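Below is one structure; the comments refer to it alone.
The values are calculated or read from the model by the stated rules, or taken from the named source; none is laboratory data. Source: prediction; values computed, not measured. Reconstructed Cβ throughout: ideal geometry from the backbone, glycine too, with neighbour counts over all protein chains shown. What goes into the accessible areas is simple: the full protein's heavy atoms, side chains included, and nothing from ligands, DNA or RNA. Shrake-Rupley method; radii C 1.70, N 1.55, O 1.52, S 1.80 Å.
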Amino acid sequence: MKPTDAVDLDHAFKVLDSFQIEIPSWGFANTGTRFGKYLQAAAASTLEEKFADAAEVNRLTGVTPTLALHVLWDLPRGEADLPALKDLEGQYGIKSGSINPNLFQDQEYKYGSLCNPSAVVRGQALAHMLNSVEIAKAVDSRDISLWVADGSNYPGTQSMRKRIGWLEEALHIVHEHLGPNQRLLVEYKPFEPAFYHTDIADWGMSTHFAKKAGPKARVLVDTGHHYQGQNIEQIVAWLLHTDMLGGFHFNDRRYADDDLTLGSIDPYQIFRIFHEIHAAATDGLKLDIAFMVDQSHNLKGKIEAVVQTVMAAQELYLKAALVDRERLAQLQQSCELVAAEELFRGTFWMDVRPMIAAWRETHGLPANPLEALRASGYVERISKERGKRASALSNYA
Ligand code: PSV
Ligand code: MN
């Protein structure tokens with residue numbers, strides 16, 4: 001079947017209709033490395049600006065109706081910020097997405113949050129988790145997306161085993177407070193900020209904690225959080241098989257958690273991940289997977305980078321959907337290795353961009369969102385407005 005066949009296009013359009021991806025509020029803000037920040041005039045510094053930018057990305061791409069929020073960065077006053085948040089949702093037509101508790105920036109968490117040896121600090125971290133659940137309920141957000149930065153830097157300085165127990169206990173309590181449709185997504189990361197041991201270091205540990213927490217907990221795979229050479233699609237296949245896959249934080253990486261644009265280093269890997277998901281759906285598995293972006297853009301223009309990311313995600317998702325899985329299954333069964341690989345690889349090399357452009361046009365969207373962003377003058381406008389405010393503030397200071 002040629003990619004331009006009517007049937008194919010129909011199938012492609014259905015695939016594209018089914019695809020949405022959540023973007024992170026922090027992707028629009030000034031972020032940096034531990035060596036410093038390069039500030040951008042267009043960066044969002046208020047929640048309203050983050051909503052405005054998210055609305056612009058959704059206007060251009062049509063597939064990002066929700067914005068992931070980080071509680072302490074976006075709602076520093078907790079529940080007191082909710083009325084303003086609800087107003088912004090209405091004003092910008094963007095819904096609050098996953099709620100990300102923050103258990104890493106307060107001074108008390110120097111030796112850990114939910115895994116801290118001090119019961120008092122563990123209690124504080126748990127209270128923040130429960131508060132995050134309440135915030136999520138108030139804005140009708142389904143997913144609490146938890147990343148625990150806890151760990152230790154030197155051998156012998158912490159009891160890894162005791163910390164497992166403390167975390168099991170805390171997540172179980174959090175789970176008990178979830179609403180009927182809510183989920184707890186447990187993210188893992190092998191290292192950073194901890195450099196000797198991390199309390200939730202890999203998908204096995206996340207799976208364990210999610211299972212201990214309760215039936216509404218699942219694993220969250222951040223593609224940047226793996227060692228070099230790890231086979232992420234195999235992890236995804238396992239999580240699908242065991243019904244433990246809750247969602248993704250997409251980004252790309254070259255060395256560690258580099259926060260690079262999705263597909264910028266290894267688009268084939270994202271294709272392979274999406275293939276596992278499409279294959280599971282073809283095989284009749286029940287899937288409920290949140291696709292989210294988790295990137296901060298230090299050098300690229302932020303809105304441009306988010307639009308580029310969303311476009312890359314759509315392309316790779318569609319390519320993977322177009323794999324002729326029936327034929328592939330036959331080739332796998334008869335162990336025709338080269339033919340199977342060529343079918344797989346050949347689909348990866350297919351240029352699906354014209355199909356996506358055609359789909360966009362049928363939805364009243366710009367055929368090329370990046371070009372449309374440039375033509376809109378949005379970034380120039382906000383650079384002027386936000387830049388003026390930033391320099392007024394610095395003059396004042
Ligand atoms: C940590 O590296 C992480 O991937 C977690 O998801 C955080 O919530 C996010 O990045 C933002 O720091
Ligand atoms: Mn993440």
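Miscellaneous remarks
- If R0 is taken as 35 Å, the Cβ-Cβ distance between H177 and T157 corresponds to a FRET efficiency of 0.65.
- One decimal place: the segment I265-K384 gains 39.6 nm when fully extended, by the rule 0.36 nm per residue minus the C-alpha distance.
- Within the accessible area of the chain (1.4 Å probe), percent carbon and sulfur: 55 percent
- Each peptide in 259-269, 138-148 was scored by the mean count of other Cβ atoms within 10 Å over its residues; highest first, the order is 138-148, 259-269.
- Placing +1 on the Cβ of every Lys and Arg and -1 on the Cβ of every Asp and Glu, with no other charges, gives region 1-139 a dipole of roughly 440 debye about its Cα centre.
- Charged side chains reduced to their Cβ positions (Lys and Arg at +1, Asp and Glu at -1) give the chain a dipole of some 760 debye around its Cα centre.
- Three semi-axes of the equivalent ellipsoid, the chain, Cα gyration tensor, whole Å, largest first: 33, 29, 19
- Dimensions of region 65-209 based on its C-alpha atoms, expressed as ranges along the principal axes with the largest first, amount to 53, 28, 24 Å.
- Across region 259-376, Cα pairs under 8 Å and at least six residues apart give a relative contact order of 29 percent.
- Between the beta carbons of V139 and Y196, assuming R0 = 41 Å, the FRET efficiency works out to 0.65 to the nearest 0.05.
- Options I270, W359, F348, ranked by Cα towards positive dipole end of region 247-397, top entry (Cβ charges): W359
- Only Lys, Arg (+1) and Asp, Glu (-1) charged, at Cβ; region 222-319 dipole about Cα centre in debye: 180 debye
- Candidates Y154, P215, G97 compared by Cα position along the dipole of region 19-323: farthest toward the positive end lies Y154, with charges placed on Cβ.
- Heavy-atom accessible surface of the chain, averaged per residue, reaches 47 Å², computed with a 1.4 Å probe.
- Applying 1/(1 + (r/R0)^6) with r as the Cβ-Cβ distance of R34 and Y227 and R0 = 30 angstrom yields a FRET efficiency of 0.90.
- Between the residues L39, H128, N116, the greatest Cα displacement towards the positive end of the dipole of region 19-323, with unit charges on the Cβ of Lys, Arg, Asp and Glu, is found for N116.
- Computed per residue of the chain from DSSP H runs no shorter than four, each worth -39500 (n - 2.57), the mean residue ellipticity at 222 nm is -15500 deg cm²/dmol.
- Taking the chain and dividing mean pair separation by its residue count, relative contact order in percent (alpha carbons under 8 Å, at least six apart): 18 percent
- Candidates H226, H278, H11: whichever shows maximal mean-square fluctuation once the chain is modelled as a Gaussian network with Cα springs under 10 Å: H11
- Mean projected area (nm²) of the alpha-carbon convex hull when region 1-115 is viewed from all directions: 11.4 nm²
- Centre separation in Å (Cα based) which lies between region 174-197 and region 91-119: 10 Å
- For region 208-265, the C-alpha radius of gyration sits at 1.22 times the compact-globule guess of 2.2 N^0.38 Å, with N the residue count.
- Full extension of the chain segment joining D87 with L130 gains 13.1 nm, where the gain is 0.36 nm per residue of separation less the Cα-Cα distance.
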